[in-house]
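Take a look at the structure below.
Coordinate-derived values only; no laboratory data. These numbers were taken from a predicted model, which means no experiment stands behind them. A quick note on method: Cβ atoms are made from the backbone with ideal geometry, for glycine too, and the neighbour counts reach across all protein chains shown.
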Amino acid sequence: MTLENYEEMMDGCVRCSKCKFLPQLQIKSKRFSHICPSIEYFNFHAYSGGGRMIMANALQKGRIEFTPEMLDVLYSCTNCGGCEVSCKWVYDLEPNEVIHELRVKAVESGAGPLPKHKKYIELVERYQNPYGEPSEKRPAWIEDDIKLDEDSNTIFFVGCTAAYRREEIALSTAKVLNAGNENFRILGTDEFCCGSPVYRVGDREKAIEIMKSNVELFKSKGVERIITSCSGCFNMLRTEYPRYVETSFEVVHISQLLETMLSDGRLKLTNEVPMKVTYHDPCHLGRMSEPYEPYEGEKVEILSQVYMWDPPKPERLGAGGIYDPPRNVLKQIPGIELIEMERICEYSYCCGAGGGVKAGFPDFALWTATERVQEAEETGAKGIVSVCPFCSTNIRDSLDYRESEMEYFDLTELVLMSLEGGE
Amino acid sequence: MNTSIHNDLSKIVGPDRVTDKQELLEQFSSNQEDDRTHPSLIVWPSSAEDVSQIVELANTKFFSLIPISSGVPRMSGTSTPKVKGTVILDLGRMNRIIRVDSKNKVAMVEPGVTFSQFLPELRKAGLRPLMPLMPKASQSVLTSCLDREPTTIPRFHWDASDPLLCTETIFGTGEMLRTGSASGPGSLEEQWASGQAQKNPMGPSQFDPFRLVQGSQGTIGIVTWITVKCEVAPEVHRVYLAGSETLESLQKFNYALLKRRLADEHFVLNARCLSAMLGVDTSDSLPVWTLVVGLSGHGPLAQEEFDYRLGDTNDIASETGVFLETTIGSITGDAVHSLLNTPSTEPYWKLTPYGGCREVYFTSTLDMIPSLYDIFLEEAEAAGIGRSRIGAYVQPTVQGVNTNCYFDIFYNPKVEEDIINMEKLVAAGTEQLMDAGAFFSRPPVTIRESVYSRSSPEVLNAMNRVKRIFDPNNVLSPGNLCFEEVFK
Amino acid sequence: MINDKFYSRLQDVVGERNITRTPAILDTYAFQWGYEIESAQRGDEPSRFGQRPDAVVLPTTTEEVQTIVKICNEFKVTFKPFSTGMGPWAGVSEPGAIQIDLRRMNRIVEVDPNNLYVVVEPYVTNSELQAELFQYGLMHHAQGAGPQTSPLASHTSFVGPGFTSPYTGFSGRNLLGAEWVAPNGEILRLGSYEHTGKWFTGDGPGFSLRGVIRGWMGAYGGLGVFTKAAIKLYSYPAPKDWTWNISGTIPKYEWEVPKYWKLIVLNFQEWEQYESAFYEVSDHDVVMMATTSSSEGLAALFTDTKMEAIEVIFGGLLARTRRYFIVLIAAHTEREYNYRVKLIRTIMKKYEGEDLIEEGFISPRSAHYAETIRNMLGGHAFRFSNCFQSTHGGMDTVAMAVKLAQVNQPIKSKYIEKGVIGDDRGEGIWTTTYEGGHMAHLEVPTVYDGASKESCLGYAEYQDECNDVDLKQAYGMPFFIVGDKVHDYYASRTMDYPKYLRRIKAAFDPNGISDSSHYVSAKNKSNE
Ligand SMILES: Cc1cc2nc3c(=O)[nH]c(=O)nc-3n(C[C@H](O)[C@H](O)[C@@H](O)COP(=O)(O)OP(=O)(O)OC[C@H]3O[C@@H](n4cnc5c(N)ncnc54)[C@H](O)[C@@H]3O)c2cc1C
Ligand code: SF4
Ligand code: SF4
């Protein structure tokens, strides 16, 4: 796709502002009625999904050009996809897709991404990870008692953030896999960034290169199945890769696998973990992970001035994300009481880290996480649980900043606590 | 000059429709010594065209006009001249009921139509009025609407402006505008042909001139007809009563009932007021407060409607500790019923106990009334008027959003001291009430200064700008509201 | 163009973060649904891009708004405020103007649950307010534009029909009081507030300044800025322990319908029966909603996707639908419910009608009940097209609405035949009653193709013809009779009302800087 392909769609925006809010039936309070962190923080219409779409349209029509100020607007979006869920419920529009396409155009035209993004893209190219850490340190989180099966065609794709920053998640994931007798290996120093940070800021060309080389790598290593505990990696591998490269592997998120292992009886949760918790849906595991169904068709006029796609176009409304597995796992941990926040599942609120925002606009990222933490606090829960190292980092930053009494847990950590003989 | 104006007016309306007879003029004058309050002439126009010409004349010959529509007694002082040479524009002879439309539940009336004339016509059309509690028989339906007088059935009172709908107004400039949907497009006849009935009071377009004329006490325009909203007459209609020692103990019930739009008539009277209304001197044996609740049913399931309303109302009553009865002591709901939706007999019921009555009325909310009442009673005592001479009528309006309250001071106009005390009470009581949160939304002339002293300069300025638009020479009722007592 | 000095003065008021003149941001304020028609009429390709403001400011207090307005007066810069800013009337109309975006003023200032009013700022949305009011067992009147739009905008400034109008009335009549920054920068607080600190009435002392600020249509942002509105509230008919409970996943949400609620679609063979039944239902104040659309409209209301709607239309609804209106019975108690249902059925029978729901031609799900009360049904129109507008709009009686529907049908059909507007056989209308049936209006939602010049111009021509019919045959004043040109076109048949409007404009906006494009200018521009 190019921006031009979206022009007709962009022309159809009615500037209704629905993309600033939850799908309207889901609004239960004024305090938590919003879905777009960006418009909440910056306030000008341009900072909403629809606003950015107008901006893209204006660029497409030659009314504006890329300027530093314009790029700031473009990149102060977490690419969380919330706008799109709210819009699509009513209209045939895809604001988040357009935002991404505009970023691609920004990069292609040499204007984007932001300097900070460029820097970490360079790091990815040089070090295989955006943190600029040496490859040798990638498997440093491994402890001696972790059992790896070098013959397995299943890998645990650790991901850069868990490997270098949230080692505890990598470790607890490996441990629960071991506990459930799930054979796997890791790619160790060979593991390469999934490409998410490069892709999300619009460097599609480089991202596709990474995808290709990763797919080659998986092939060469005989990988048939990939387990990941990172929602960002999951999203790339399961949802984005197939759009650009041919893939022949299965992708499983740890929460899905845990659910299976529990129902198989491979895992037994016996230890009480007496705690009220609430669950944060990572955007990339939730609405954003809904697969794109390949589609070819055309618009036909079915009634005068009323058009439909022929054949009917699959609607990617957000229902196809991974919502139940992590919840089903939580509910099976003895002692855990799950209390939901107001904004969940396909209308969940973003943690604030994604889309290059954590690097580009740290204050905004922290503000967004704090909004989310406040919502979590209002449930009365003690623990906020999620399944994404990147969300984890940002939410923890906010918990520290707020000196909140809440504690962050990765789902795998809670499972581990509840395992017989677990920690 | 008087003669020349007299002649000019005669030319417009005909010689028998202008007078300078002293005995007629005197009834408008409040103070025989103050010649400013003596009108110079009375003129009876018979059409909007007459009115328009008279207003234009007033603008060229520099005299002020006070429009009146109702007969005596005049209670508010609004129609007392404040400027020398005032001409009374008596619209009482424009008294046609132009149209009663039962399908659309609306009637069109001229200024001189009184309640006693209006009600039988409505009844014939199967309609009932939205009207004040026992108005004077000579009360003009039109001025009652223009004064935003509270009506007794809050559930039909959607906006403070109800039941006033459209108007035909001659502004102080002499220009005529029909307000609301009556403005057009098209003549009234064309509108009727297209199925309209002048039901939409708003507009035309982007302003609401009817809201500027209503409540203006004759300072903005002269209204030559209005449409007034009516309701279908019920087939079943009963009145229930509840007695109470305090207003507070009725509060929960009142609020709950108002929210539900279950009841028709819904108001509270103190014993003084109720006994005056019933024309009985039994105020001692009456409860301090009596709640009046009318319930009705109409249409194909009239009885069932009534039953459901009664059932739900009784449920609310028992949840809120109120007992609705058909009789309290010697007072029956039926007796009260017979006084509703009908004008007062002569003499006017407020004048029967002592011969005189001064109303102090304001807008507030139900929860505020008990403390305002206490304040007023204390002031009454301090002013030398006994507490027992204070009537109170608490009328929820705008479907319960606010409440119009009348504190009636019953006095003997033949006793000098009584008058002095009454006036003392009006002055002091009004201030006290205002301090405590009463809003005098329809300020009578006697208290206008103190009311408007609480308005901001910005609001006064805005009102004056409106005045200048519609009555630039201040020919209409100068000295009412916040406007100057001179014409420009 | 605005100058730097002006800009920096504004910046001092709101702070750097809350003002912009970045073209890319400004352009997002230049884009509005509906502009495509104006651009087609100018001879350009249809485009939703219109006039770009020179700057956008985001004030957060009334005092900030006041200062901004005063600075605009000082520099003679035109301003246009908006709340959520949806529609061609929300944007600026001329070069060199600024937009006042009120989204940072989003507080619910006060709820008085006993005295049934709430005070809100501009950027509280209908759904937010509704969500907060449920806890008191209350609801407000929300305009049909949608749950994400502003109740303050509607109550103070813009028309105001909604889906619950039979029960909650019309925005303009529900306004109790307002805080108003007049075009000259003065702050006015209407009604009781100044005298009592409470907002229970907006009228008096004396006449009501509500008469100046909005009228039937509202001033569309042409007469200053409203910063607070006191709005009348209504009882929400649900048991005390009921909560807003919504489950399921998009798009198939399920909602816990309050116990005594029921949708009925009364279908009659002829207009005559329809009209009599509509009147009789209206006489009883028994419904939360009473509205008519076309059979396509009916299908769109109670389905979840375009595909579903089309299946329903051709699955028998089109053939069966004659003259119908939908009612929602929403009762507080079983007694109330039983009486109301029986009454509606009795009236239906009397005029030989049928219930299209009971007959199985359309099946509202629980979520559609929720969408009804949340005022989302209007949005369903966008399932068919991103372009629709309404013609007519006259508001008076049911009888006029019925006549107008019939008069409109052949006119609309003409344009359908030309292929420039959506084909609903000329039957597509929207009508609702108000205030227990005391008034009704009829508008004609019309689908067009915003990308096609021919269609945009065709729609515009259709609208002009409708306006002309309304004018000549006295079918009330249509919704969009705003702006100098159109006002003047209507003046001669409507007692020359624009002259008063102009005087108001002159008196309250001496510098003429409150954008008059959708209001009126003090001088008769269209005659110049
Ligand atoms: C699909 C659709 C359906 C619609 N249906 C209806 C309907 O059923 N009923 C109805 O009434 N309207 C309807 N409309 C029109 C809609 O109500 C208006 O566009 C508007 O009220 C929407 O609210 P808003 O919050 O976006 O107002 P805005 O767009 O913010 O404002 C509307 C107008 O009021 C002015 N304004 C807003 N806030 C202020 C303020 N604080 N001070 C001064 N001026 C202000 C603006 O300048 C603008 O002219 C519909 C529109 C659409 C798109
Ligand atoms: S993707 Fe998220 S942050 Fe970006 S515009 Fe949409 S809702 Fe806002
Ligand atoms: S993107 Fe969608 S939801 Fe947002 S303003 Fe445009 S049409 Fe409305």
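Using the Karplus relation 6.51 cos²θ - 1.76 cosθ + 1.60 with θ = phi - 60°, the per-residue 3J(HN,Hα) values for region A:118-134 come to 4, 5, 6, 5, 4, 4, 4, 5, 7, 10, 6, 8, x, 8, x, 8, x Hz, with x marking Gly and Pro. For region B:414-466 versus region B:169-240, the inter-centroid distance based on Cα atoms is 29 Å. Rg over Rh of region C:108-235, using C-alpha atoms and the Kirkwood radius, what does it come to? Ratio of gyration radius to Kirkwood radius for region C:108-235: 0.94.
A Förster radius of 22 Å combined with the Cβ-Cβ distance from C:K472 to C:N524 puts the calculated FRET efficiency at roughly 0.45. Annotation: amide H of B:R99 within the under-5 Å range of B:M108, sequence separation 5 or more or interchain, hydrogens built in the peptide plane. Annotation: aspartates and glutamates with alpha-carbon distance below 19 angstrom to B:K21 (same-chain offsets under eight excluded): B:D8, B:E33, B:D34, B:D35, B:D90.
Farthest toward the dipole's positive end in chain C, which of C:H284, C:G215, C:T303, given Cβ charges of +1 (Lys, Arg) and -1 (Asp, Glu) about the Cα centre? Checking the options against the dipole of chain C, the answer is C:G215.
Once you have the alpha carbon radius of gyration of region C:485-527, what is it after dividing by 2.2 N^0.38 Å, with N set to its residue count?
Numbers: Rg = 9.9 Å, N = 43, 2.2 N^0.38 = 9.2 Å.
Taking the Cα Rg and dividing by 2.2 N^0.38 Å, one obtains 1.08.
Going by neighbour counts of Cβ atoms within 10 Å, the residues C:V520, A:V215, B:V292, C:V109 line up, fewest first, as C:V109, A:V215, B:V292, C:V520. Simple point charges give the picture: +1 on the Cβ of Lys and Arg, -1 on the Cβ of Asp and Glu, and for region C:249-311 a dipole about the Cα centre of about 320 debye.
Per residue, the average separation of C-alpha pairs within less than 8 Å and at least 6 apart gives region A:1-112 a relative contact order of 34 percent. Loop-located GluC sites (Glu not before Pro) in region A:174-253 (DSSP state other than H, G, I, E, B) with a sparse environment of at most 15 neighbouring Cβ atoms within 10 Å: A:E224, A:E246.
Considered as an equivalent ellipsoid built on the Cα gyration tensor, chain A has semi-axes of 34, 25, 21 Å, the largest given first.
Taking 7 Å steps out from each Cα toward its Cβ at B:S47 and C:E74 produces label points 5.7 nm apart. Size descriptors for region B:370-466, from the alpha-carbon set: Rg then Dmax equal 15.0, 44 Å. Converting phi to 3J(HN,Hα) with the Karplus coefficients 6.51, -1.76 and 1.60 and the offset θ = phi - 60°, region C:494-500 yields 10, 6, 6, 4, x, 5, 6 Hz in sequence order, with x at every glycine or proline. Note on the protein assembly as shown: with charges restricted to the Cβ of Lys and Arg (+1) and Asp and Glu (-1), its dipole about the Cα centre is near 2360 debye.
For C:T433, nonlocal amide neighbours, meaning residues 5 or more places apart or on other chains whose placed amide H falls under 5 Å from its own, are C:A290. Cβ crowding within 10 Å ranks C:H380, A:H253 as C:H380, A:H253, fewest other Cβ atoms first. Look at the alpha carbon pairs under 8 Å that are at least 6 residues apart: their mean separation over the length of region B:97-232 gives a relative contact order of 33 percent. Remark on A:Y131: its backbone amide H falls under 5 Å from none of the residues 5 or more positions apart or on other chains, H modelled at 1.01 Å from N. Treating only the Cα positions of the protein assembly as shown as identical point scatterers, give the base-10 log of I(q)/I(0) from the Debye formula at each q in 0.06, 0.08, 0.09 Å⁻¹. Taking Cα atoms of the protein assembly as shown as identical point scatterers yields -0.60, -1.00, -1.21. Neighbouring Cβ atoms from other chains, within 10 Å of the Cβ of residues in B:105-118, number 1 on average. In straight Cα distance, which aspartates and glutamates are under 19 Å from C:K499, not counting same-chain residues fewer than 8 positions off? Those aspartates and glutamates meeting the cut-off are B:E56, B:E168, B:E175, B:D208, B:D471, C:D484, C:D488, C:D509, C:D515, C:E528. A simple count of charges around C:D4, restricted to other residues whose Cβ falls under 12 Å of its Cβ and scoring Lys, Arg +1 and Asp, Glu -1, yields +2. Note on C:115-124: average number of Cβ atoms from other chains within 10 Å of each residue's Cβ is 3.
Using alpha carbon coordinates only, what is the Rg to Rh ratio of region A:122-263, with Rh defined as the Kirkwood radius? That ratio is 0.94, to two decimals.
Counting Lys and Arg as +1 and Asp and Glu as -1 over every other residue whose Cβ lies under 13 Å from the Cβ of B:A382, the net charge comes to -3.
Taking a straight Cα-Cα cut-off under 26 Å and skipping sequence neighbours fewer than 8 places away in the same chain, the lysines within cross-link reach of B:K124 are B:K103, B:K105, B:K136, B:K199, B:K229, C:K350.
In terms of its C-alpha gyration tensor, region C:253-379 comes out oblate, because a/c is 1.5 or above while a/b does not outweigh b/c. Computed on region B:168-296, with alpha-carbon pairs under 8 angstrom and 6+ residues apart, the relative contact order is 24 percent. Projecting the alpha carbon convex hull of chain C along each direction and taking the average yields 24.1 nm². Among the chymotrypsin sites (Phe, Trp or Tyr not before Pro) in region B:134-203, none is located in a DSSP loop while being surrounded by at most 11 other Cβ atoms within 10 Å of its own Cβ. If only the Cβ of Lys and Arg carry +1 and only the Cβ of Asp and Glu carry -1, the dipole of region A:90-200 around its Cα centre is close to 580 debye. Look at where the Cα atoms of region A:341-358 and of region C:1-23 average out, and the two centres are 32 Å apart.
The value given for region B:212-354 is a Kirkwood hydrodynamic radius of 17.0 Å, derived from the mean inverse Cα-Cα separation.
So for the protein assembly as shown, taking the charge dipole from beta-carbon charges (+1 Lys/Arg, -1 Asp/Glu), which of C:G91, A:P311, C:Y236 sits furthest toward the positive end? Positive-end residue among those listed: C:G91.
With the alpha-carbon atoms of region C:4-101 aligned to their principal axes, the span from lowest to highest coordinate is 40, 24, 22 Å, starting with the largest. Charged neighbours of B:A48, selected by a Cβ distance under 11 Å, balance to -3 (K, R count +1; D, E count -1).
Qualifying chymotrypsin sites (Phe, Trp or Tyr not before Pro) in region A:279-347, where qualification requires a DSSP coil assignment and no more than 14 other C-beta atoms within 10 Å, comprise A:Y292, A:Y295. Projecting each Cα onto the charge dipole of the protein assembly as shown (Lys/Arg +1, Asp/Glu -1 at the beta carbon, about the Cα centre), which of A:L330, B:G400, B:F470 comes out farthest on the positive side? The residue sitting most towards the positive pole is B:F470.
Average 1/r across all pairs of distinct alpha carbons in region B:60-168, invert it, and you get the Kirkwood radius: 15.0 Å.
Note on region C:105-184 and region C:358-372: Cα centroid distance 26 Å, given to the nearest whole angstrom. What the phi angles of region A:42-59 give under the Karplus curve with 6.51, -1.76 and 1.60, with θ = phi - 60°, is a coupling list of 9, 6, 5, 3, 4, 8, 9, x, x, x, 5, 5, 5, 4, 4, 5, 4, 5 Hz, glycine and proline written as x.
Take peptide C:173-184, look around each residue's Cβ out to 10 angstrom, count Cβ atoms belonging to other protein chains, and average those counts.
Partner Cβ neighbours, averaged per residue: 2.
Packing-based ranking of A:8-19, C:390-401 yields C:390-401, A:8-19, ordered from highest to lowest mean Cβ neighbour count within 10 Å.
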